[in-house]
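Following: one structure in structure tokens, then a few remarks.
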């Protein structure tokens, strides 16, 4: 687990996602590169995060930052459109 400073500075590593496939990993959050629509997102227990994070039916503007609470992780994200940078836990 990284510290908040390491995470916010990007020292934990990152991955650009700009496809419409399910992308898997272990991430704390993401920043939107280009206007994006998230169609699915799962946590470490395979529960959907869409409703909890208010992402259902929402188009996210470039620059938007989304994170999950400390101790949680995003383990899968699928985009309908756009591009995001996922930040590792």
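The values are calculated or read from the model by the stated rules, or taken from the named source; none is laboratory data. Note that this is a predicted model, so its numbers are computed, not measured. Note that each Cβ is placed from the backbone with ideal geometry, even for glycine, and that neighbours are counted across all protein chains shown.
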Matching residues, the range 69-87, being in contact with a strand residue (DSSP E or B) (Cβ under 6 Å, 6 or more places away or on another chain) and farther than 15 Å from residue 18 by Cβ: 72, 73, 74, 75, 76, 87
Do you know which residues across the range 51-89 are crowded, with 17+ Cβ neighbours inside 10 Å and at positive phi? 82
Checking residue 21 against (1) within 12 Å of residue 76 (Cβ to Cβ); (2) not in a loop (DSSP other than H, G, I, E, B), which single condition isn't satisfied? (2)
Test: residue 35 is surrounded by fewer than 18 Cβ atoms within 10 Å (Cβ to Cβ) and modelled with pLDDT of 95 or more: yes
